[in-house]
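Below is one structure, written out as structure tokens, with a few remarks after it.
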Amino acid sequence: MQQFDLEAQGLRALNSTLHEQAGSSNQTQWEVVNPRGSHAIAVGLDAPIEVNVKGSTGYYCAGMNQQATVHVHGSAGPGVAENMMSGTVIVEGDASQYAGATGHGGTLVIKGNASSRCGISMKGIDIIVHGNIGHMSAFMAQSGNLVVCGDAGDALGDSLYEARLFVRGSVKSLGADCIEKEIRPEHLELLAELLERGGCDAKPEEFKRYGSARKLYNFNIDNAY
Amino acid sequence: MKDDNHGIPRTVPIQSATFSNPINAEIRRAAATGIYDIRGGGAKRRVPHFDDLLFLGASISRYPLEGYREKCETKVTLGTRFAKKPIELEIPITIAGMSFGALSGPAKEALGRGASMAGTSTTTGDGGMTPEERGHSTQLVYQYLPSRYGMNPNDLRKADAIEIVVGQGAKPGGGGMLLGQKISDRVAEMRTLPKGIDQRSACRHPDWTGPDDLEIKILELREITNWEKPIYVKVGGTRPYYDTALAVKAGADVVVLDGMQGGTAATQDVFIEHVGLPTLACIRPAVQALQDLGVHREVQLVVSGGIRTGADVAKAMALGADAVSIGTAAMVAIGDNDPKWEEEYQKLGSTTGAYDDWHEGQDPAGITTQEAKLASRLDPVEAGRRLRNYLSVMTLEAQTIARACGHNHLHNLEPEDLCALTMEAAAMAKVPLAGTDWYPGKPGF
């Protein structure tokens, strides 16, 4: 286990050290201490390493992640795992707004609650939230899966494309062009896999599925808001 | 003529200036369809522009440099503030962001070829970076847009600079649109969207709002790219003083300022014609902001929107820009709106010079299309050569003017080299009305 004191050694040194780790590196286990809410921790990683951040992070932790596992042992600020391509990001606490924004792949697990705009414009990422999510989540979400074990706030899935949304609790309101859809066996199977990946003990049958009504895909004056 | 009015003269029919034929036609079109008019390009209305400025040239108080003989430098370096690897260009004229999707593959290749031959940069657009574009562009600026279509860290690292697009002159405050006709298999895959749908790009970034967030976003991008890449911030011309100041505060290396004549692939006509400032009105406030912050020339200013000639280049630089960027002019250079396609423009209900239905993907010139048959009409090698020639001519023209004003570098052009032909231009450019020492708003008058 390599330990990195962020307060003493600085952000530039941390990220450049982590960027130097290639696929063949033996130094696969990293621990970052004293994060103190710093921004841009462990961004742009591209190696199968595991980074444990011992505390809470600021904006964009694990942004554009590829291959790596980043584990935040605290809460995460805005834009955690934004534009992630692959790998895994786990947040033990809560996540602020824009969690997993525009993510193309990989898995984001939030064990607490996520704030507004969770999964905004997601493009293939899988997001599993143990708690609740805030308003305007999955806005213009294009692809991937968002699983919410708690409740969802206002305007869920507004202007949704092809992303799949699964919510166990209540949905305060659905956004434009987002509707509840039938859960078929393939969805239950997918959901079971996602819940297992996210470490949730919820049952797939407890969830409702939401998706795009596809009425905004081509302009029609009668569907305009 | 038969008099059927008992000798009383008739009133001549008068067309309304307010309800003109084009206006009435648009009312009828709107009534029939229920949808606003969408088109490509920039503002077509007449606005104060560089044509309203003149250079004074040399005289007894200034002496000129010999054309062709004495050196007049054109090089510019962008990104000197923080980036480890600034972009070094042979000429201060860059190619603006235009997406693969909005433009065909051959058109993007032609832009890359022409820009590379001329020693300047080209820019991606909404939709990501294609290998062809990267391959044919020696200096490529990668746009970071609200949609994040195709955005990935591998391409980010391949770029020579990153341009965070906050807005553009044709539609400041608005997102992009690419209608279903142009969403081919490849475009759909690059944007992670179903084929054939109307694609909307968001009007604001999904994971930051405001200058304080932008500062952190820039930090993240710098960390991901090892602080190597120059980071541009592009804004539409709206509040140029404050936008420039805030971009500087957020840590930009370069500010790109796009006036309302700047083009777009597609948006509402009402947006293009009624939102934003003319390019001429943007430059002095932006330069003032840079000067007030003590970073003029340290943070470079790139101006775009209606740049057509070397005279426009020289005038923008005289007002304080470090470089300019061209989009529409580059498209014309490679063949857009060429008279040789007049018959086909007519079939599409348009005419040479007016064709702007770029969103429909039926461009006879093969530039704003994803139809393979149409796209194949454009020879990227020949079109690239035309762009190179055009960039060379613009540069020679700008050098001619600079030498005539006694300058050995385009960057040495200054507002004192200029006068204005109209009160509006004088006020916007803050240069004297021709033959006077006064402009509206000048202190002391």
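What follows is calculated from the coordinates using simple rules that are stated; it is not laboratory data. Because the structure is predicted, anything quoted here is derived from the model rather than measured. Methodologically, a virtual Cβ is constructed for each residue, glycine included, from the backbone with ideal geometry; neighbour enumeration extends over all protein chains shown.
Tabulated data
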{"quantity": "Antiparallel bridge percentage (DSSP; both residues within chain B; nearest 5)", "calculated": "25"}
{"quantity": "Loop GluC sites (Glu not before Pro), the range B:1-70, which have at most 12 other Cβ atoms in a 10 Å radius of their Cβ (DSSP)", "calculated": "B:66, B:70"}
{"quantity": "Rounded, prolate or oblate (a/c below 1.5 giving rounded, otherwise prolate when a/b exceeds b/c) for the range B:259-368 by Cα gyration tensor", "calculated": "prolate"}
{"quantity": "Over the protein assembly as shown, volume per residue of the alpha carbon convex hull, in Å³", "calculated": "212"}
{"quantity": "Two-site label geometry, residue B:385 and residue A:3: point separation in nm, points 7 Å out along Cα→Cβ", "calculated": "6.7"}
{"quantity": "Bridge type composition, the range A:2-223 - antiparallel percent by DSSP, nearest 5", "calculated": "15"}
{"quantity": "Filtered trypsin sites (Lys or Arg not before Pro), the range A:146-181: DSSP coil and at most 15 other beta carbons within 10 Å", "calculated": "A:172"}
{"quantity": "Within 10 Å of each Cβ in A:156-162, the average number of Cβ atoms from other chains", "calculated": "2"}
{"quantity": "Where the Cα pairs of chain A fall when distances are cut into 10 Å bins, in %", "calculated": "9, 36, 32, 16, 6, 1"}
{"quantity": "Shielding of A:122-129 by partner chains, average beta-carbon count, 10 Å", "calculated": "1"}
{"quantity": "Cα radius of gyration and Dmax for chain B (Å)", "calculated": "22.8, 89"}
{"quantity": "Area projected by the alpha carbon convex hull of the range A:1-109, averaged over all directions, nm²", "calculated": "5.3"}
{"quantity": "In nm, spacing of pseudo-spin labels at residue B:70 and residue B:212 (7 Å Cα→C-beta vector)", "calculated": "5.3"}
{"quantity": "Full-extension gain in nm, residue B:36 to residue B:181, via 0.36 nm per residue minus C-alpha separation", "calculated": "50.4 nm"}
{"quantity": "Derived scalar couplings ³J(HN,Hα) [the range B:128-135; Karplus, 6.51 cos²θ - 1.76 cosθ + 1.60; whole Hz; x for Gly, Pro]", "calculated": "x, 9, 9, x, 5, 5, 4, x"}
{"quantity": "Degrees, to the nearest 10: A:185-197 long Cα axis against longest axis of chain A", "calculated": "20"}
{"quantity": "For residues of B:211-223, the mean tally of beta carbons on other chains within 10 Å", "calculated": "5"}
{"quantity": "Translational D in µm²/s for the range B:251-307 (Stokes-Einstein at 20 °C, 1.002 mPa s, Kirkwood Rh from C-alpha pairs)", "calculated": "174"}
{"quantity": "Sequence of A:30, B:358 once ranked by neighbouring C-beta atoms within 10 Å, starting from the fewest", "calculated": "A:30, B:358"}
{"quantity": "Nearest-0.05 FRET efficiency for residue B:348 and residue A:203, computed from C-beta distance (R0 45 Å)", "calculated": "0.20"}
{"quantity": "Residue order, fewest to most beta carbons within 10 Å, for A:57, B:74", "calculated": "B:74, A:57"}
{"quantity": "Rounded D (µm²/s) - the range B:65-211, Kirkwood Rh over Cα pairs, Stokes-Einstein at 10 °C, 1.306 mPa s", "calculated": "96"}
{"quantity": "Efficiency of FRET between residue B:61 and residue B:90 - r from beta-carbon atoms, R0 35 angstrom, step 0.05", "calculated": "0.65"}
{"quantity": "Full-extension gain in nm, residue B:274 to residue B:14, via 0.36 nm per residue minus C-alpha separation", "calculated": "90.9 nm"}
{"quantity": "Efficiency of FRET from Cβ geometry, residue A:50 and residue A:193, R₀ 25 Å, rounded to 0.05", "calculated": "0.70"}
{"quantity": "Expected 222 nm ellipticity per residue - DSSP helices of 4 or more, -39500 (n - 2.57), all of the protein assembly as shown, to 500", "calculated": "-7500 deg cm²/dmol"}
{"quantity": "Estimated D of the range B:188-248 in µm² per second, where Rh is the Kirkwood radius over Cα pairs and Stokes-Einstein applies at 4 °C, 1.567 mPa s", "calculated": "91"}
{"quantity": "Given 14 as the ceiling on other Cβ atoms within 10 Å, longest exposed-site-free region of chain A for GluC sites (Glu not before Pro) in DSSP loops", "calculated": "A:21-181"}
{"quantity": "Inter-label distance, nm, simple model (7 Å from Cα along the C-beta direction), residue B:239/residue B:421", "calculated": "3.4"}
